[in-house]
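Remarks on the structure that follows.
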Amino acid sequence: MEISAVTGDIATMPAGAIMVGVLEGEGPEGEAAAVDQALEGAIARLISQGEIKGKQGETTVIYSLGKLPAARVAVVGLGKRAELSMDKVRGAVAEACRTLKRKGVEDIATVALGSGKPEIVPERSAQAITEGAMLGLYAFRNHITVSENNFHEVRKLTLVGGDETKAALEQGIARGTVLSQAANAARDMVNEPANFMTPSAMAEAALKLGRDYGLEVTVLEREQMAEMGMGGLLGVSLGSRQPPKFIIMRYTGSDRPDLDLALAGKGITFDSGGISIKPSEGMGDMKGDMAGGAAVMMALAAIARLKARINVMSLIPATENMPGGNALRPGDILSAMSGKTMEIISTDAEGRLILADALSYATRNGAKAIIDVATLTGACRVALGTVCSGAFCNNQELLERFLAAARDAGEPAWQLPMYAEYREQIKSDVADIKNVGGRYGGAITAAKFLEEFVGDTPWVHLDIAGTSMSEKERFHLVKGATGVPVRTLVNLALAMS
Ligand code: BES
Ligand code: ZN
Ligand code: ZN
């Protein structure tokens with residue numbers, strides 16, 4: 001899709017459809033009023049008849065029948081004025097674009113929806129529109145070989161504004177494009193099945209990003225992991241025929257020698273549960289158990305493209321979790337890179353074992369802040385559902401910064417407690433710590449396990465088990481991988497620079 005900004009008047013734009021916004025419970029104003037006039041009051045009439053309510057996500061398509069150069073007018077509901085935000089614009093545009101796509105529209109022109117309020121200056125509106133269109137129209141078609149009859153794609157999106165806003169619109173489009181491309185690249189990686197997206201394929205993808213965006217990428221093999229004592233990652237990989245990879249990506253955006261931020265992402269390319277094998281129903285979804293790894297990988301590429309002025313490292317321990325003849329067993333004890341020993345209660349609690357080594361690697365490299373992202377626990381999905389991710393920390397200040405970035409991205413997260421009492425549940429009789437803390441508070445005891453490996457470094461853990469995949473189309477999300485929390489991480493890095 002080609003997205004651009006032009007100076008002009010929306011009412012005179014030739015396009016398959018033009019988009020104008022209306023607020024819930026209000027009449028057409030600004031550009032919508034001008035378009036309404038050209039349509040001889042059709043928009044105002046539909047509002048007074050209750051056909052157009054202006055609710056966010058509502059799209060009403062009016063055929064212009066020669067009254068305007070554009071064939072259709074999409075009246076996009078933006079919700080209540082008081083609740084207007086970038087997130088509302090992003091979601092509304094996603095819904096509107098899908099509606100128009102289904103009608104075969106290939107060319108859309110739009111105003112800077114929602115702009116005018118201080119919260120949504122034209123630049124932010126343009127960014128939200130770009131993200132709404134690019135994320136909302138995303139489809140994973142890598143393995144579909146038969147072409148659909150009547151297949152249409154939205155090819156062109158034009159943002160129309162006054163002379164004075166064109167540069168701002170272009171900036172918003174540029175940032176929105178980088179963020180959406182990164183999120184969609186992470187979605188692709190997660191949607192890709194495990195026979196394609198192996199640990200080696202993830203490593204190849206990281207090396208390619210390194211070449212494309214000037215990142216320093218190193219991939220550790222088994223021997224090097226053994227030298228470094230990465231017992232968690234090596235242990236989990238034992239049951240698989242696929243060699244594990246420890247992927248290290250560095251972006252240097254500042255002259256200072258500090259490592260400002262380390263991002264660690266769980267890279268289980270398939271989680272069968274291992275010897276503690278999962279029930280077969282829904283097991284296919286476990287191809288997405290590397291969503292955290294994909295997110296930190298693609299976020300780093302975007303951080304480099306946007307030239308954030310900080311130094312960031314992404315770490316992805318990548319392996320399958322399989323029940324092969326050499327597999328890790330319940331009862332086994334592993335020694336992590338930090339030297340701590342870990343008793344295996346369930347081989348299905350594997351994410352924390354591989355992340356332990358990534359967190360040690362980050363602290364050893366002097367990271368000043370660490371964020372890890374993982375599809376870690378079914379318990380988190382039970383606790384918070386699919387609406388928000390679970391957030392945990394040992395440092396409230398870092399968490400607040402993270403949550404602000406998440407809000408801005410429309411990728412909400414909710415903090416869960418880290419009281420010392422929870423630590424009791426992962427005490428082991430035979431090792432320093434055990435990998436399952438019993439039935440209750442599973443998302444929290446998993447976070448307490450990870451906390452053991454970060455020392456005093458400010459750290460945030462994000463459990464995305466409930467948010468990494470969507471069961472349905474909703475606003476900027478489509479069915480399948482969501483790309484959470486790529487845009488949050490990029491926002492945070494930009495805010496830190
Ligand atoms: N990858 C799963 C968690 C998961 C579940 C992610 C559902 C996405 C959707 C993780 O490795 C796992 O299996 N966790 C276990 C931990 C338990 C054995 C303590 C779980 O949540 O059941
Ligand atoms: Zn897992
Ligand atoms: Zn598991």
Any hit, the range 444-463, residues being of a type in the set (Ser, Thr, Tyr), over 17 Å from Ser389 (Cβ atoms) and not in a helix (DSSP H, G or I):
yes
Of the residues that sit in the range 242-279 and are of a type in the set (Phe, Trp, Tyr) and open to solvent by 10 Å² or more (accessible area, probe 1.4 Å), which one is nearest to ligand 1 (Cβ to nearest atom)?
Phe270
Flag for Glu397 being near ligand 1 (Cβ under 9 Å from one of its atoms) and among the charged types (D, E, K, R)
no
Does any residue of the range 266-282 turn out to be under 21 Å from Tyr213 (Cβ atoms) and touching a residue at least 60 places away in the same chain (Cβ under 8 Å)?
yes
Just one of Ala33, Ala82 is open to solvent by 20 Å² or more (accessible area, probe 1.4 Å), within 19 Å of Asp9 (Cα to Cα) and assigned to a helix (DSSP H, G or I); which is it?
Ala33
Within the set of pairs 6 or more residues apart or between chains, which connect a residue that is closer than 21 Å to Asp289 by Cα inside the range 320-336 to a residue that is open to solvent by 50 Å² or more (accessible area, probe 1.4 Å) and more than 14 Å from ligand 1 (Cβ to nearest atom) with Cβ atoms less than 7 Å apart?
Glu320/Gln242; Gly324/Arg241; Ala327/Leu238; Leu328/Leu238
Is it the case that some residue within the range 471-486 is closer than 28 Å to Gly366 by Cα and part of a helix (DSSP H, G or I)?
yes
Output the residue which, of all residues in the range 363-395 that are of a type in the set (S, T, N, Q) and either open to solvent by 40 Å² or more (accessible area, probe 1.4 Å) or more than 16 Å from ligand 2 (Cβ to nearest atom) (or both), is nearest to the chain's Cα centre (by Cα).
Thr386
So is Glu40 surrounded by fewer than 16 Cβ atoms within 10 Å (Cβ to Cβ), in the same structural domain as Arg124 (by TED's automatic domain parsing) and without any contact (Cβ under 8 Å) to a residue 40 or more places away in the chain or not?
yes
Is there a residue being assigned by TED's automatic domain parsing to the domain that holds Glu29 and part of a helix (DSSP H, G or I) anywhere in the range 107-121?
no
In the range 85-135, how many are open to solvent by 10 Å² or more (accessible area, probe 1.4 Å) and touching a Lys or Arg at 6+ places or on another chain (Cβ under 6 Å)?
3
For the range 13-27, how many residues are touching a residue at least 40 places away in the same chain (Cβ under 8 Å), in a loop (DSSP other than H, G, I, E, B) and not charged (D, E, K, R)?
6
In the range 189-244, which residue that is of a type in the set (Asp, Glu) and touching a residue at least 60 places away in the same chain (Cβ under 8 Å) is farthest from Lys307 (Cα to Cα)?
Glu192
Restricting attention to the range 280-290, and to residues there that are among the charged types (D, E, K, R) and surrounded by 22 or more Cβ atoms within 10 Å (Cβ to Cβ), which single residue is nearest to ligand 1 (Cβ to nearest atom)?
Asp289
Does any residue of the range 482-492 turn out to be at positive phi, touching a His at 6+ places or on another chain (Cβ under 8 Å) and open to solvent by less than 20 Å² (accessible area, probe 1.4 Å)?
no
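The values are calculated or read from the model by the stated rules, or taken from the named source; none is laboratory data. What you see is a predicted model, and the numbers here were worked out from it, not measured in a lab. Positions of Cβ are generated from backbone atoms using ideal geometry, with glycine treated the same way; all protein chains shown enter the neighbour counts. Protein only, heavy atoms only, side chains kept; ligands, DNA and RNA dropped before computing areas. Shrake-Rupley method; radii C 1.70, N 1.55, O 1.52, S 1.80 Å.
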